[in-house]
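Taken together, the values in this text are just the output of simple stated rules run on the coordinates, not laboratory data. Remember, it's a predicted structure, so these values are computed and weren't measured experimentally. Ideal geometry is used to build each Cβ from the backbone, glycine not excepted, and the neighbour counts take in all protein chains shown.
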Amino acid sequence: MLEKYISKQNLKKLLGRVIKNSTLVAPVRPYGEVLFEDVKFADSIVFDFENALNSPKDWVLLNDEDLLETASPQKKPLVIFGARACDTKAIGLLDKFFARTFKDPAYFKKRDSILIITLACENYGRNCFCGSVDGGPYLTDGFDIQLTDIGEGYFLEAASKKAEGFIKRYSGLIKNTGAAQKKLKEDNIKNIKQPEEARFSLENVYKNIGEEKAPDAFWKDLAQRCQSCGGCLLICPACSCFYVTDKKISAKKIARMRSLDACYYEGFSRMAGGYNPVATRSLMMRRKFYHKLVQQLDEFNQAGCTGCGRCNEICPGNVNWLESIKRIDKYV
Amino acid sequence: MKLVLTACPYCGTGCNLYLKVADKRVVGVIPSVSRSANRGHLCVKGWNAWEFIHHSDRLKSPLIKIRGKFKEAGWDDALDIVARNFKKIKKKYGPDSLGIWGSARCTNEMNYLAQKLARAVFGTNNVDHCARTCHSPTVAGLVRSFGSGAMTNSYDEIPQAAGIFAIGSNAPEAHPIIWWRIRTAKDNGAKIIVADPRKTKLAEIADIHLQHYPGTDIALLNALMHVIVKADLHDKSFIARCSLDFEKLTRVIEKYTPEYAESITGVPAGLIKEAAFLYAGLKPLSNIYTLGITEHTTGTENVMSVANLAILTGNVGKRSSGVNPLRGQNNVQGACDMAALPDVYPGYQRVDNDEIRRKFEAAWGVPLSPNPGLTVTDMIIQASAGKIKALYIIGEDPMRSDPNINHVKKALENLEFLVVQEIFMNKTAEFADVILPGASFAEKDGTFTNSERRIQRIRKAIGPLGKARPDWKIVCDISNRLGYAMKYKNISEIMDEVASLAPIYGGVSFERLEEDGLQWPCPDKEHPGTKYLHENGKFTCGLAKFHAIKHRPPAEECDSEYPFILTTGRMLFHYNVGTMTRRTPALNREYPDNFVQINFNDAARLGITNNAACRVATRRGGLKVRADVTDKIKEGVIWMPFHFTEAPANLLTKDAFCPIARTGEYKACAARVEKC
């Protein structure tokens, strides 16, 4: 782990230099809301925000990907600046998922040339619950570069080879650091208090879901609310389920596509003959909770949810993922 | 990747969403959180609204029919043929032999120009659009009851209602993000009364579900009013202060006792009484309705009945209290506002009002016809009769969306010249002489107006595909070739022109729409827009009017040969005739084919099992579809969606129309069902 310091002024300069030789993705506010976008001018980057509406997963995993495209990997490296701990940790989960049986070439062709600069949070946002799922607000590992605001500048940590190379490249703007600044960083992190509303015991939830403690009425209520929009899955930075199809691109071209899927769609598990082992909304919702809060913990020692809270913002059934988990936590 | 903020191209809710653009392709969607139309929410169609844009079926070139086959052509050739033919036919048969169909899917700017082309250039008021197939009874009915025909409240007022009365509305499937507000109202403790022939998701959470037969809305509503008046629960001071003709109403509802209504509607008298008492005690109460009541031969009267009920109980002109028709298409409200309608100019100003017409003649520099024109319904009828010779149809597919499509086929075959402007080839376009490729919502700037009267920006995310052009430019090109100059440097100038002529849009301009759109009426540049209409009981027409309305059955009633009531409608995963949703894999995968909903007992009697093939036939035609055997529909009633072009439900429906609004009776005709 490399530990450095960068002033706020120098960070802006650094980002300006990155734009010249890489594609820079950063938070901007083009229509009054914070979004991640490719950025052309460092001046448009915002630094004070909770989280962007979209997650940086968009640059790592597309809705539709041509699996057989034999184009060479990105000529221009990609730098993502401003990812929060939850989003970075979610991409880490995707990295594990796409390497679980074999290293997925289409995924890693893109992923290997992406460097992520994580911006640690200073407080909990309105929908956030990262602390309950070990998704943040600060990462101890699993990142390239992490910046923690300590006033005039950021305490900078580099935890990967890619990051070390990056630091060397911009060493003119990055300074050495010392014990005083490190203490400031530790204090700032200690001061982030998780609100009571965001608190639950993941261990308890894991047990209660595994032992099916939540009654039928609980699932029935959620099932009645769910509008099967798929939004919670399409916006989730940790979701990766996909299906593979052949898509007609033009009169002469058909492409083998990997397309992101959503497990709240009936077609997700319907079999060719029409039978569906997970046909009801109730079963679909149980499946999602099980997958994210039991199965992925078993397999990757990491929940399939990093507490970013976006799914709460977008649900038109008022399902509220966080509240539902808290209710499961309470069942004995 | 960049994100462009625009509005959803599907329903009238008008959700704001960002299109993700990478390498000149639209690759995904996320919702806007700050915009009030949807506050961060989208339905399944909205989330997948990006996928049809680049479909390989997109029309990318003008097409000209040569010896029965379509050949690609350049724009100049295609537009020359269009102009030449309209000129020739106008000269030979007169201006009223021509007609233009605007589009509820296209921008306000395009619709304004389309009706200007019809009126100032063709010289006819034969301009209309697909609002005719759904909500024109709303416009006609509420104009008569209140003076203006639009949703009276804003979406965000719904969660604070103490009561919601929903009749003929399947909001969970047709307006999911308005359903979100109804859901929230319920979570806040509101009481919900639902009147619907089917047990929809909305009916599932209702405190009272009145499951009436299709086509019996008047009897039901009159009975509710009968109980309320007899129990002295009507709002006497509101009625005295703000309405006319109350005695006309009381005279007519006298005979609609709950028992009499039960004999017509099939709803138990006791339940009608309970619903009436519950309704009368809930304030503020939001009345919500859609096509379940408008798509009938009594459509306009059904709407006026709902208005009657609202005036009776003072449930209009207040926050969270009003009459709320949920508009269907992304810009049907706008297309009506822009007057792609035969009897009004933009802003609902009548063409046969001399003073108004003089204003438009001065603005457009030409004399204008004082005679209201034909609706799309009547343009089809008159095309068969040989009076309409040429049509310019933009973004509509009557061969799939009009009732009794065989009669549409005859009409289109009889035309001398047909131009169709579309993004995909469809059944109507197959009859065209010239097909012009339009740009999708992602490929152009402009504005849409949503159901709560909110005018919102759509923004161009990518360039038009192939040789496709933005629709407003195509209309200008045709106009210019016909000798009437339409030279707008940019699209915002068109809205400026609209603002100068239509008082309800008076204060609208592109800059003022940037933050969160504007809700009309917005009469001037300082006005902030209007959240709810008819405030303090001051109706657009002065005093609200009661109307005496009697029950009349649907045009085609059941008999021994055709014993079922066939009613048609929509599902969540598909949209209208499926042009876009059938080309979206995630949506089409959910429901890839047509089906008919039939009650358990009826199915058992006929030997039909779930998912088995059966034959549904009416006097117009027959379809083989699979059966969805369920308890969600009453015995004697069957339901079919109209989304599947290869098994089109409108092959079966009847071309019977509301005499006032000319809307088809999609919701009731007589059918029989047989096991295959």
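Some points to look at:
- The simple Förster model, with R0 at 30 Å and r as the Cβ-Cβ distance, assigns B:ASP524 and B:ASN480 a FRET efficiency of 0.40.
- Peptides B:335-342, B:573-580 ordered by packing proxy, namely the average of other Cβ atoms within 10 Å per residue, highest first: B:335-342, B:573-580.
- As a proxy for reagent exposure, A:SER250, A:SER259 were ordered by neighbouring Cβ count within 10 angstrom, fewest first; the result is A:SER250, A:SER259.
- For segment A:102-146, the Kirkwood hydrodynamic radius comes to 12.7 Å, computed from all pairs of different C-alpha atoms.
- Calculated from the alpha-carbon coordinates, the protein assembly as shown shows an Rg and a Dmax of 29.6, 93 Å respectively.
- For residues of B:37-45, the mean tally of beta carbons on other chains within 10 Å: 5
- Computed over the alpha carbons of chain A, Rg followed by Dmax gives 20.9, 67 Å.
- For segment B:2-47, the alpha carbon convex hull comes to 61 Å³ per residue, rounded to a whole number.
- Near the amide H of B:GLN421, within less than 5 Å, lie the amide hydrogens of B:ILE393, B:ILE394, B:GLY395, B:LEU436, all on another chain or at least 5 residues away, with H placed in the peptide plane.
- Most fluctuating residue given options A:GLY230, A:GLY131, A:GLY309, as computed from a GNM of chain A linking Cα atoms under 10 Å: A:GLY230
- Cβ-Cβ FRET estimate between A:ASP112 and B:ALA22, R0 fixed at 25 Å, reported to 0.05: 0.85
- Per-selection Rg to Rh, segment A:168-241 - Cα, Kirkwood hydrodynamic radius: 1.22
- Cα gyration tensor category, rounded, prolate or oblate, for segment B:258-417 with a/c compared to 1.5: oblate
- When each of B:VAL127, A:VAL46 is scored by the number of other beta-carbon atoms lying within 10 Å, the sequence from fewest to most is A:VAL46, B:VAL127.
- The phi-based Karplus calculation (6.51 cos²θ - 1.76 cosθ + 1.60; θ = phi - 60°) puts the 3J(HN,Hα) values of segment A:25-34 at 10, 8, x, 9, 10, x, 10, x, 10, 7 Hz, whole numbers, x for Gly and Pro.
- For segment B:564-675, Kirkwood radius (reciprocal of mean inverse C-alpha pair distance, Å): 14.4 Å
- Paramagnetic label zone (point 7 Å from Cα along Cα-to-C-beta, B:GLU247; backbone N under 17 Å) in segment B:541-558: B:545-549
- With a simple spin-label model that places each label point 7 Å from the Cα along the Cα-to-Cβ direction, the separation between B:ARG84 and A:ARG100 comes to 6.5 nm.
- Our summary gives chain B a relative contact order of 20 percent, counting only alpha carbon pairs under 8 angstrom and 6 or more residues apart.
- Footprinting exposure proxy for A:LEU67, B:LEU224, A:LEU184 (fewest neighbouring C-beta atoms within 10 Å first): A:LEU67, A:LEU184, B:LEU224
- Modelled label reach - A:ARG17, point 7 Å along Cα→Cβ, segment A:117-155 residues with backbone N closer than 14 Å: none
- Label-to-label distance, nm, for residues given as A:LYS161 and B:ASN611 (7 Å Cα→Cβ offset): 5.2 nm
- Alpha carbon centroid spacing (whole Å) that separates segment B:501-577 from segment B:100-144: 14 Å
- Cα-based shape type of segment A:68-186, given that a ≥ b ≥ c are square roots of the gyration tensor eigenvalues and the cut on a/c is 1.5: oblate
- Reciprocal of mean inverse Cα separation for segment B:146-215 (Kirkwood radius, Å): 12.5 Å
- Whole-angstrom gap from segment B:448-495 to segment A:256-332, using each part's C-alpha centre: 42 Å
- Each Cα pair of segment B:165-251 feeds into the Kirkwood radius, which the Stokes-Einstein equation turns, at 4 °C and 1.567 mPa s, into a diffusion coefficient of 88 µm²/s.
- Links that overshoot a 18 Å alpha carbon limit, given the list A:LYS13/A:LYS40; A:LYS89/A:LYS193; B:LYS24/B:LYS460; B:LYS201/B:LYS632; A:LYS288/A:LYS326: A:LYS89/A:LYS193
- Separation of segment A:236-253 and segment B:149-215, taken as the distance between their Cα centroids, equals 37 angstrom.
- With the simple model of a label 7 Å out from the Cα in the direction of the Cβ, B:PHE600 to A:SER44 spans 5.9 nm.
- Projected over every direction and averaged, the convex hull enclosing the alpha-carbon atoms of chain B yields 27.6 nm².
- Segment B:2-47, dipole about Cα centre (Lys/Arg Cβ +1, Asp/Glu Cβ -1), debye to the nearest 20: 80 debye
- Test item: A:46-58 mean partner chain Cβ contacts at 10 Å: 2
- Mean partner shielding of peptide A:216-229, defined as the number of other chain Cβ atoms within 10 Å of each residue Cβ, is 3.
- Charged side chains reduced to their Cβ positions (Lys and Arg at +1, Asp and Glu at -1) give segment A:2-196 a dipole of some 780 debye around its Cα centre.
- Relative packing of peptides B:533-546, B:478-491 - highest average C-beta neighbours within 10 Å first: B:533-546, B:478-491
- Set the Cα radius of gyration of segment B:302-358 against 2.2 N^0.38 Å, with N its number of residues, and you get 1.46.
- Exceeding the 24 Å Cα-Cα cut-off - candidates B:LYS71/B:LYS473; B:LYS45/B:LYS444; B:LYS60/B:LYS427; B:LYS45/B:LYS191; B:LYS634/B:LYS667: B:LYS45/B:LYS191
- The residue list B:CYS541, B:VAL434, A:GLY274 was ranked by how far each Cα lies along the charge dipole of the protein assembly as shown toward its positive end, using unit charges on Cβ atoms, and B:VAL434 comes out on top.
- Among B:47-56, B:17-26, sorting by the average number of other beta carbon atoms lying within 10 angstrom of each residue, highest first, gives B:47-56, B:17-26.
- Hydrodynamic estimate: the Kirkwood radius of segment B:152-326 over Cα pairs, inserted into Stokes-Einstein at 25 °C and 0.890 mPa s, corresponds to D of 156 µm²/s.
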